[in-house]
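Derivation of every value follows stated rules applied to the coordinates shown; laboratory data play no part. Please read all numbers here as calculations on a predicted model, not as lab measurements. Ideal geometry is used to build each Cβ from the backbone, glycine not excepted, and the neighbour counts take in all protein chains shown.
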């Protein structure tokens, strides 16, 4: 890898656009449930459905869009998905101002935003791969990772302050504006984008919807990596609502203390992202991928044991710090590894399949752990998720297979 890390003006605009939209997203974190509760007086079941059904339906809508994106120029797709998210979010603010906002509208907007987010992720990965040489991908992904964790630290407190002053709809407007600014930033990247490959068949067939999954499942390293990622994300997320009930309900932790216990450790993500490149340079990409992927599974089981008072909060913060530090190293290395393993003409379909799988698994496991929390108790269910996570490193790729290159005709060369 080169010692100089100026990635050029075009990447600079893309990075700025990513940071702007990430900050807007975290500013509005939790805004829809708050609007449903405070403005529409929705029931707890409706609030839960807003999160679960919106995400699941959004993933379903995004499935046919992956193959479509593959054969389109990616920059216009990125701009369009940003503008769609902006427009959808602004309809919430407009309906609220006119006094006609409904729960159904919130649900529909959440579906549109979720689907657009998946399409944006797929197109952005393909665009990044076309924008930079392979040796710069890790640096770029590490910068995205650092930016994501910065937005995680800064966004929710700012969003909470804005919500306290102006209400949750104000953060939705801020999120909409952030997507508009992101679209302008992506447009400013300029330059020439190579035309995408042509589809073999004139029209998309039903079988084309599964191309991304077929490609991943046929690859000896992407297949186990996807299974590991889906199970890891799903189990960690599934335990989160139970942990919130344990801390805020059973242990009587104040909401500000709860927020601080999770926000402060996010600094570890910044540190981990900064360490990713030096570690890969010294130890190699595959070794760092497997080591960081293994280490991040060791922490969550500790979340089953917090006690009351400061000691319990410190335990949670310490576990989260270790977990997030390891994720900060793993995530950019994994994103780079995945891009390098995926042929240029397959990136959008592969990333769509990847994101849909992870989100569907997360939704399923969250629902299952909600039931287990009631049957087994909060601590037992949280501990069970932590124990199962200890087995997920077995799914990490054991060997660093030679990278394969796919020709335009679809034949694979190793």
Problem set entry | the stretch 200-302: Cα Rg divided by the 2.2 N^0.38 Å rule of thumb | 1.53
For this session: Compute the length gained on full extension between residue 158 and residue 105: take 0.36 nm times their separation in residues and subtract their Cα-Cα distance, giving the result in nm to one decimal.
Result: 16.5 nm
For this session: Specify the residue with the greatest mean-square fluctuation among 218, 123, 385, computed from a Gaussian network of the chain linking alpha-carbon atoms under 10 Å apart.
Result: 218
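Using only alpha carbon positions, build the gyration tensor of the stretch 9-193, then give the equivalent ellipsoid semi-axes as the square roots of 5 times its eigenvalues, largest first, whole angstrom.
In descending order, the three semi-axes are 30, 18, 14 Å.
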For this session: At 7 Å along the Cα-to-beta-carbon direction for both residue 91 and residue 380, put a label point, then send me their distance in nm to one decimal.
Result: 4.5
Seminar exercise, completed: Given 36-42, 352-358, 151-157, the highest-first ranking by average Cβ count within 10 Å works out to 352-358, 151-157, 36-42
Problem set entry | Long-range Cα-Cα pairs in the stretch 210-401 (distance over 31 Å), rounded percent | 21
Exercise. Taking Cα atoms of the chain, Rg/Rh with Kirkwood Rh, to two decimals?
Worked result: 0.95
For this session: If a/c stays under 1.5 just call it rounded; otherwise compare a/b with b/c (prolate if a/b is bigger, oblate if not). Do that for the stretch 100-171, with a ≥ b ≥ c from the square roots of the Cα gyration tensor eigenvalues.
Result: oblate
Exercise. So between residue 256 and residue 165, what do we pick up on full extension, going 0.36 nm a residue minus the alpha carbon distance?
Worked result: 31.1 nm
Exercise. What is the fewest-to-most order of 118, 186, 324 by other Cβ atoms lying within 10 Å of their Cβ?
Worked result: 324, 118, 186
Problem set entry | Mean residue ellipticity (222 nm) of the chain, computed from DSSP H runs ≥ 4 via -39,500 (n - 2.57), nearest 500 | -24500 deg cm²/dmol
Problem set entry | Exposure proxy order (Cβ contacts within 10 Å, fewest to most) of 47, 245 | 245, 47
Problem set entry | Burial ordering of 329, 236, 63, fewest other beta-carbon atoms within 10 Å first | 63, 236, 329
Problem set entry | Value of relative contact order over the stretch 9-193, rounded to a whole percent, pairs C-alpha under 8 Å and six or more apart | 50
Problem set entry | Gain upon complete extension [residue 283, residue 344; 0.36 nm per residue less C-alpha separation] | 19.3 nm
